[in-house]
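**Student:** Would you mind keeping the following structure in view while I ask a few things?
The values are calculated or read from the model by the stated rules, or taken from the named source; none is laboratory data. Model, not experiment: these values are computed from the prediction. In this analysis, Cβ positions are derived from the backbone assuming ideal geometry, glycine residues included, and neighbour counts consider all displayed protein chains. In case anyone asks, the SASA skips ligands and DNA or RNA and just uses the protein heavy atoms, side chains included. Shrake-Rupley method; radii C 1.70, N 1.55, O 1.52, S 1.80 Å.
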Amino acid sequence: MFRKLAPANNFLTMTHFLGKHKLKAFVPAHLTEITGVIRYVPKDLSNEDIYKSITCDAEVISVKRFMRKVDGKLTPLGTIAVTFTATALLQHAYIQMFRYPVHIYIPPLLQCYKCLKFNHSAKVCRGSQMCSSCSGQHSYKECDVEKIVCINCQGGHLAISRDCPVKQQKMEEKKNKYLKPNRSYAAVVSIPAMPDPRAFPNLKPVKTIDTDINKVPYNAEQILNNELIINALVKSLVMLGNDKSSAPITNKRIKDILLSNLIP
Ligand SMILES: [Zn+2]
Ligand SMILES: [Zn+2]
Ligand SMILES: [Zn+2]
């Protein structure tokens, strides 16, 4: 792309062309929070230690270690949950220079302790208090019915039992929802552009430049990964360093030299 933009004058007249291509250059990916799981993280590292040392291709929002209650005491597990701002789950992350694969996090299925239905909690429940034992309209604590009837499937088990086929189906649905990628690349590019350079964290370097760079969000990573730009920068610096003339080093001079190296 860069080379095609010569001569520099054309730069300013190619809005149309670039406008058309900008869609590709700045994949307007919709940023979402994605939580992944990392296993076998040394247990002596606190959440803060991990947060400070973790590096990956996205912004880390939070780090939380899974804990387990052992003899009434919370003990740390080797597994941590990391929430990123990204468009898709990352392949790996680095903690204290070690590389860890990132796995998909499937949150446990929520079952309401009030109405005993799924995917909401009792705090926000609008249903009535039902009995997890006999399926009557009372709390299981007040239950005096001997026969066990599941409110969700009418089977002979408690409504909270993992044997319940309805519960098993809900667990399966939840798993599928998290395992299946819900957004294809095509879907991502059709979302309108966002004026936020962080909106495309996983892109490979793109060799497109817009007409008015001041108006276009740029991605520092893209620039650093773009060999054309880096080579031109280095070349310009060397040229400036070797220049024996007494001309003052002004913004304009630097720009001119840089431009001559970017657009030969
Ligand atoms: Zn409920
Ligand atoms: Zn009951
Ligand atoms: Zn059941």
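**Student:** Name the residue that is farthest from residue 52 (Cα to Cα), counting only residues in region 82-127 that are under 12 Å from the mean Cα position of the chain (by Cα) and among the polar types (S, T, N, Q).
**Tutor:** Step by step, filter region 82-127, then rank; the result is 87.
**Student:** Scan (1) in contact with a strand residue (DSSP E or B) (Cβ under 9 Å, 6 or more places away or on another chain); (2) open to solvent by 30 Å² or more (accessible area, probe 1.4 Å); (3) of a type in the set (Gly, Ala, Ser) for the single condition residue 81 breaks and write down its number.
**Tutor:** Of everything listed in (1) in contact with a strand residue (DSSP E or B) (Cβ under 9 Å, 6 or more places away or on another chain); (2) open to solvent by 30 Å² or more (accessible area, probe 1.4 Å); (3) of a type in the set (Gly, Ala, Ser), residue 81 misses just condition (2).
**Student:** Restricting to region 98-155, name every residue that is away from ligand 1 (no atom under 16 Å from the Cβ) and in contact (Cβ under 8 Å) with a residue 40 or more places away in the chain.
**Tutor:** 100, 101, 102, 103, 104, 105, 106, 107
**Student:** Could you tell me which of the residues 174, 117, 123 is more than 16 Å from ligand 2 (Cβ to nearest atom), within 30 Å of residue 56 (Cβ to Cβ) and outside the structural domain of residue 56 (by TED's automatic domain parsing)? Give the steps one after another, and end with the answer.
**Tutor:** Numbers: 117 fails: within 30 Å of residue 56 (Cβ to Cβ); 123 fails: within 30 Å of residue 56 (Cβ to Cβ).
Of 174, 117, 123, the one residue that is more than 16 Å from ligand 2 (Cβ to nearest atom), within 30 Å of residue 56 (Cβ to Cβ) and outside the structural domain of residue 56 (by TED's automatic domain parsing) is 174.
**Student:** Further question: Regarding residue 135, is this residue under 24 Å from residue 108 (Cα atoms), open to solvent by 50 Å² or more (accessible area, probe 1.4 Å) and not basic (Lys, Arg)?
**Tutor:** Criteria not met by residue 135.
**Student:** Restricting to region 126-171, name every residue that is among the aliphatic types (A, V, I, L, M) and within 15 Å of ligand 2 (Cβ to nearest atom).
**Tutor:** 130, 145, 148, 149, 151, 158, 159, 160
**Student:** Assess whether residue 107 counts as being modelled with pLDDT of 95 or more, exposed (fewer than 15 other Cβ atoms within 10 Å of the Cβ) and either β-branched (Val, Ile, Thr) or more than 10 Å from ligand 2 (Cβ to nearest atom) (or both).
**Tutor:** no
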